[in-house]
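Every read-out reported here was derived from the displayed coordinates using simple, explicitly stated rules and does not represent laboratory data. All values reported here derive from a predicted model rather than from experimental measurement. Please note: Cβ atoms are built from the backbone with ideal geometry, for glycine as well, and neighbour counts cover all protein chains shown.
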Amino acid sequence: MAKPITQILWTELEPGCVIVEPGNAREYRTGDWRTMGHPKVDTERCVKCAQCYIFCPDAAIERTQEGYFLPNLYYCKGCGICAHECPVKCIEMVPEGE
Ligand code: SF4
Ligand code: SF4
């Protein structure tokens with residue numbers, strides 16, 4: 001019979017999320033985890049300061065050839081930190097599909 005969850009010790013837990021090869025996180029579509037929308041950048045107002053790039057916890061912001069910083073929705077988890085940190089508030093969190 002399975003133990004109630006409150007009686008399981010951390011040492012008894014099955015290992016999960018095992019990374020067996022270096023660099024394989026690139027292959028995982030972490031953007032599929034989004035539930036609350038995604039960031040949309042108004043490049044007309046962007047001052048190219050890179051704060052969004054620095055603060056994104058998933059390294060999902062990429063620099064374009066023109067020097068703008070845009071989220072790669074393949075990896076963006078939709079946390080909204082970039083929108084919060086942007087000093088000119090040119091990043092808006094919008095529903096999926098917009
Ligand atoms: S919403 Fe979060 S994960 Fe997505 S680009 Fe912004 S900071 Fe990164
Ligand atoms: S934080 Fe805002 S202004 Fe700065 S690069 Fe990112 S989108 Fe542009």
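Of note:
- Projected-area mean, the range 42-98, by convex hull of Cα positions, square nanometres: 3.8
- Relative contact order of the chain: 33 percent, from C-alpha pairs under 8 Å at least 6 residues apart in sequence.
- Size check on the chain: the Cα extents along the three principal axes, sorted descending, read 61, 28, 24 Å.
- When +1 charges are put on Lys and Arg Cβ atoms and -1 charges on Asp and Glu Cβ atoms, the dipole computed for the chain relative to its Cα centre reaches about 160 debye.
- Under 30 Å between alpha carbons - lysine pairs in the chain that sit 8 or more apart or on different chains: 6
- Cα lying deepest toward the dipole's positive end in the chain, options Met93, Val47, Gly78, charges on Cβ: Val47
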